[in-house]
1. Mind jotting down the three principal axis lengths of the stretch 83-231 based on Cα atoms? Whole angstrom, largest first.
2. List the relative contact order of the chain as a percent without decimals, with contacts defined as Cα pairs under 8 Å and 6+ residues apart.
3. To test your reading of the geometry: what angle, between 0 and 90 degrees and rounded to tens, separates the Cα axis of helix 15-24 from the longest principal axis of the chain?
4. Taking the square root of 5 times each eigenvalue of the Cα gyration tensor, what semi-axes in Å does the equivalent ellipsoid of the chain have, largest first?
5. Please list log₁₀ I(q)/I(0) at q = 0.28 Å⁻¹ for the stretch 15-83, using the Debye equation with identical point scatterers on the alpha-carbon positions.
6. Could you work out the pair-distance distribution P(r) of the stretch 200-324 from its alpha-carbon pairs, with 10 angstrom bin width and percents rounded to whole numbers?
7. For helix 339-364, report the angle its Cα long axis makes with the longest principal axis of the Cα atoms of the chain; keep it between 0 and 90° and round to the nearest 10°.
8. Can you order the peptides 127-134, 111-118 by their average number of other Cβ atoms within 10 Å per residue, highest first?
Amino acid sequence: MGMTYEITMNISPTQKAVDEYASDGYPHTGDSGTDAPDVAEANYTSSGKKGFYSNSSATVEYTYNDAPAEKPYYIDEYDKPVVQVSTTKSIEIVKKWADADNAYNTRDGVELEFKVQQCVPQEGVVEANWEWTDYKTETMTVAKADSDPSIWKLTVSDLPLKNEQGESFAYRIVEVNCPDGYTESHTGDYQKNVTNTLNWKIIKQSTSVENGEHVKVSGAIFSVTAESGNVVYYGKSGDTGEVVFYKADQYDSTKKDLIENPQSTTLDDGKYTLQEIKARPGYALDDTKWALEIIDGVASIKVNGAEKGAYDTEEKCVIIAIDNTPLYELPSAGGPGIYWHLIGGILLMIAAVVILYKNKRRETY
């Protein structure tokens with residue numbers, strides 16, 4: 001009496017197969033009779049159908065008793081079935097917030113909107129000039145990843161791999177409403193990794209006020225010291241008071257100033273000590289050592305546990321203001337300034353001369 005054995009297994013196409021299908025289509029055709037016996041011909045997915053071979057070979061080797069396996073008595077080869085990949089794909093949008101862990105509460109209540117655009121790549125044309133069209137719009141809210149509140153994720157599904165002509169689609173992600181105060185950047189395939197970096201700057205300003213605003217102080221120089229104790233950057237305030245940073249080799253210790261035509265840079269993530277080492281003439285040197293931390297490229301300076309900076313809705317960035325005290329107070333615009341003191345001093349001097357003159361006359365007579 002004969003025995004019948006049946007072997008079943010689940011075959012799932014890999015991502016490599018999906019990518020190959022999207023670019024080149026199916027390379028194989030299934031052998032006849034490779035669908036299950038109880039499947040109607042109208043529902044065949046393998047016999048005579050295009051797809052990927054589900055296995056490189058299918059054989060049964062027969063041997064007698066204890067004959068070595070490398071010398072089989074008989075090899076029975078079976079037909080090769082094929083499998084197809086899904087004709088749609090999914091893209092996971094990964095949104096990263098680079099804003100010092102929302103230190104300034106700038107993303108609270110934000111709802112993001114993304115466009116998924118598609119096109120058929122044009123041979124000989126750079127990607128930036130491909131004819132992209134909007135396919136669908138997706139909204140991302142605070143449904144963020146549990147492991148990291150600075151990373152939000154959204155999966156966009158059912159994106160067709162090909163059009164009716166069999167041409168493969170390419171996709172990309174476009175952020176519709178980058179929040180105010182952030183700069184947007186994209187990386188990865190389909191631009192699917194979106195980073196919003198909070199804009200910030202350190203401003204050097206005077207305690208003196210003109211026309212309701214602090215006078216901005218240029219020419220102040222700062223050292224930026226790493227936790228190792230080494231000065232790794234220097235900063236210098238410009239005409240607007242904004243402090244621009246430079247690597248340590250851009251500083252001339254002899255002149256106590258930056259070299260000619262220095263190259264600015266950004267600060268790497270880490271913890272530093274920020275300290276003014278040279279004040280603008282006419283201002284007192286502030287030797288406060290500020291604890292500066294750069295998180296995802298964004299600065300944070302805390303005083304007694306509270307952020308020193310604040311988001312400015314007009315500038316659309318975080319401003320961290322560091323004050324300088326003038327060695328003498330300048331007059332407010334339109335005010336009397338030192339003039340009353342000057343006039344008073346002159347009058348006292350005149351009075352003294354008159355008294356001295358009268359005393360001399362009495363001595364003469």
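1. Between the extreme Cα coordinates on each principal axis of the stretch 83-231 lie 73, 39, 39 Å.
2. Values: 671 pairs, mean separation 45.6, N = 365.
For the chain, the relative contact order is 13 percent.
3. Taking the Cα atoms of the chain, the angle to 15-24 is about 80 degrees.
4. Values: eigenvalues 1245, 108, 59 Å².
For the chain, the semi-axes come out at 79, 23, 17 Å.
5. -1.15
6. 13, 46, 35, 7, 0
7. So the inclination is approximately 20 degrees.
8. Details: 127-134: 11.0, 111-118: 17.2.
Listed from highest to lowest mean packing, they are 111-118, 127-134.
Where a number appears in this text, it was derived from the coordinates with a stated rule and is not lab data. All values reported here derive from a predicted model rather than from experimental measurement. Quick reminder, even Gly has a Cβ in these numbers, built from the backbone with ideal geometry, and neighbours come from all protein chains shown.
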